[in-house]
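The values are calculated or read from the model by the stated rules, or taken from the named source; none is laboratory data. What you see is a predicted model; the values in this text were computed from it and never measured. Cβ sites come from the backbone with ideal geometry, for glycine too, and all protein chains shown count toward neighbours. With ligands, DNA and RNA removed, areas are computed over all heavy atoms of the protein, side chains included. Shrake-Rupley method; radii C 1.70, N 1.55, O 1.52, S 1.80 Å.
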Amino acid sequence: MLQSEKSLNDFLFAAGLPLTIRADVIREAMKKTAGKRLSLIIEKGESVPTLKTSDTFKHSEDEEVWFEVTQLDMRDRVSVLLPYFDEAAEFDKEAFIRLKERMENRFGYRISDEQLDQLMKMMTDAVKERPAEILPDAPSVISGTVESADSKPLRLNWPVMTVAGAAIIAVIFLLLQDPNSNDGAGETTFAPDQSETLEEAEQDMTAAVKDVTDFLSEQTGLNKEELEELEYVELLIARMESAMELGAIADNEETVRDAISMMRNVERLAANEMITPINKLASDAQQVSTRTSYGILQANDALLSRFTSNSFGMIDVYQDALGKYESELNGLDTDIARFQFSDEAQALLDKIKENGFEVTIRSEQQSFDVNYSEERIDRAIDGLLTDEYARMIREKKYFPYVTEDRETEYSYAQQSIKLLTSEEILSRMAGDEGLTSQMLIEHSRLFQSFLLDVTDESQRVRPEVLEAWEGLITEENVQKYSTARYIREIYNALSETDYMMTDAVREIRDKYTLVPVLYRIRYDDAYFPLSENLQEKYNMLNTFQNITDISYFLPKETVLIYLNAISLNNPEVAEVISVPGTFVNDDQLNWSDRDILVNRITSIKTEFADGKAIVTLSGEEYEEKEVRLQEINGVWMVEFDADHLSWF
């Protein structure tokens, strides 16, 4: 039971303890017998703030389960995790139920014991696969400093079938290593100079921190107090203070050496790695060499994920800093370029622009509005910024759409607009990267909120809901958005019940297992092999042959399923999604012995004409092809043509 240093480290990581805390606990635990280690772990971990993100898991379901475990009290964390690290450990039903209830309250869906057990096993298996870490020479007392890779925990509100293990999005792909981040996975510890005293080390450290904060203040236009509100600066100050606290209580050669080592780490961080987020972005962008369309999307996501993380809090700090100059806005219209500000205000506006932000005027409120600057960021990444990511980083300011308590500042009509806006952005982003994941989380929470609270006490759909839905399911929207097609299906069912939410309508409303937009997101340069989400849908069609399973698919997604069936020599699925009367399968057709060339398709475009959809497939090494579709009973179906078999 937790015999080795590796097993102890994995267990403590699964419980959400930061690396320096794990190192301290492990050193003490290894001195005790196995039977006394659990009480030590509970005692040491009870009051320690947990990690905010893991930056470890490949699947966001694992991240979500891990985060929920870390929110339990330490005794329950130990009880829940222990059976997955020690087969002989006793299963604590009460702690397990508390975790289950917590997750159900957050998701809003029922989770079975078997599903949660499987989720826990998947998460802990992923933890055990982590490589062994070199434990830092942490102080012998537990510090309150917590390593964090991001400003917010990654949380998903998926329906129960998604929670049960559907792999939907990968965690952030780290295109470039970022010295500004601290992910809890380990840190380098420098051996102190034997001739250096504690006082000298502290003086060198504080001088280095002062120099860099002065430099950053000049670069950002923020004063010392404002600068320390930025997360990456706050972390540096917190580390310096922790080192000073450790030095203050050092009373022997070992603790003095630990304190000097920690101070040298802080000095190194201040001297070598503290640059403004916009300069870090420009530096990282120089290392990007890709020029393929999808590679550029991936570069946008990786670069901008890191930039928005590093610059977290800057918009709010700049917004507050500008507040003192709002008296200068009297009579000013929205064109900021037409007004002459005071020298101090103009200097700050110039610094804001230099650091990757832009300022506009809210004329009605006579106040400033700060957001990311498309022009400055595009210049920093050498012209790589795409339209979809420009929209994404500006939209990020308005997160969360829905809070964890399921509250939102948006009216129901505004929520419908946000759903379409976020789907349009998502469908044009790189599928498994950081900003895509964030946007998908926000879209998913909003989608669930939009569907759940829609009736009055009599179970009749409220008038404002019907009005929003009717505006959402226009013909134009139904052609462009999976969300609109899904809502149309529910709306049509409600129209047959005089807009009463019956069990039959609820069954239609709740049939989705993934938010519809997930089938639209592109996960690779080529479209084949199918993304995991589309592959699961293909498998369902192959097994159950229920055409309504793809009722909210747009023509493009139907074509992908259809071509997958042809490339896999599967006439059964091809027939299911073909327009009735068009499918032919006779002895003259060869469903086998063909080269599979679908992976050459890198572009798919859809047009509508005469009530049909025309999907055009192309690629650098693939001759342009067309597939025509008809909408039959609300489902896009392919007009089968035997020539399709000769395309591969």
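Taking only the C-alpha atoms of region 254-398, Rg followed by Dmax gives 18.9, 65 Å.
Which value results for Rg/Rh of region 425-537 when Rg is the Cα radius of gyration and Rh the Kirkwood radius based on the inverse mean 1/r?
On the way: Rg = 15.7 Å, Rh = 15.4 Å.
Ratio value, two decimals: 1.02.
Per residue, the convex hull around the alpha carbon atoms of region 13-60 comes to 88 Å³.
Per residue, the average separation of C-alpha pairs within less than 8 Å and at least 6 apart gives the chain a relative contact order of 10 percent.
Over 27 Å between Cα atoms: which of Lys100/Lys556; Lys210/Lys353; Lys324/Lys353; Lys324/Lys397 fall into that group?
Numbers: Lys100/Lys556 38 Å; Lys210/Lys353 25 Å; Lys324/Lys353 18 Å; Lys324/Lys397 22 Å.
Going by Cα-Cα distance, Lys100/Lys556 fall outside the 27 Å limit.
With viscosity set to 1.002 mPa s and temperature to 20 °C, compute the Stokes-Einstein D of region 407-479, Rh being the Kirkwood radius across alpha carbon pairs; µm²/s, no decimals. The partial results should precede the final answer.
Values: Rh = 13.4 Å.
Reported coefficient: 160 µm²/s.
Between region 417-489 and region 200-225, the alpha-carbon centres lie 47 Å apart. Calculated on the alpha-carbon coordinates, the convex hull of region 524-594 measures out at 103 cubic angstrom per residue. Listed peptides 40-49, 229-238 appear in the order 229-238, 40-49 once ranked by packing, highest mean of other Cβ atoms within 10 Å at the front. Sorting 516-525, 473-482, 502-511 by their mean Cβ neighbour count within 10 Å, with the most densely packed peptide first, gives 516-525, 473-482, 502-511. Surface composition of the chain: carbon and sulfur atoms hold 46% of the protein heavy-atom accessible area at a 1.4 Å probe.
Leaving out ligands and nucleic acids, and using a 1.4 Å probe, what accessible area per residue does the chain come to in Å²?
Numbers: 29210 Å² over 648 residues.
For the chain, the solvent-accessible area averages 45 Å² per residue.
With kT/(6 pi eta Rh) evaluated at 25 °C and eta = 0.890 mPa s, and Rh the Kirkwood radius from Cα pairs, the chain diffuses with a coefficient of 88 µm²/s according to Stokes-Einstein.
Ranked from largest, the principal axis spans of the Cα set of region 40-81 equal 31, 18, 14 Å.
Just how many % of Cα pairs in region 480-568 lie over 16 Å apart, if you round to the nearest whole percent? Pairs farther apart than 16 Å: 56 percent. Computed over the alpha-carbon pairs of region 356-494, the distance histogram in 10 Å steps reads 10, 34, 33, 18, 4, 1 percent, short to long. Measuring spread by the Cα atoms of region 54-108 yields a radius of gyration and Dmax of 11.7, 33 Å.
Residues whose amide H falls under 5 Å from that of Ser578, counting only those 5 or more places apart or on a different chain, are Val638, with hydrogens built in the peptide plane.
Within the straight-line cut-off of under 23 Å between alpha carbons, the lysines reachable from Lys6 are Lys31, Lys32, Lys36, Lys44, Lys52, Lys58, Lys121, Lys128, sequence neighbours fewer than 8 places apart in one chain being disregarded.
When Met205, Met244 are compared by accessible area at a 1.4 angstrom probe, the order from most to least is Met244, Met205. Pairwise alpha-carbon distances in region 376-450 exceed 14 Å for 61% of all pairs.
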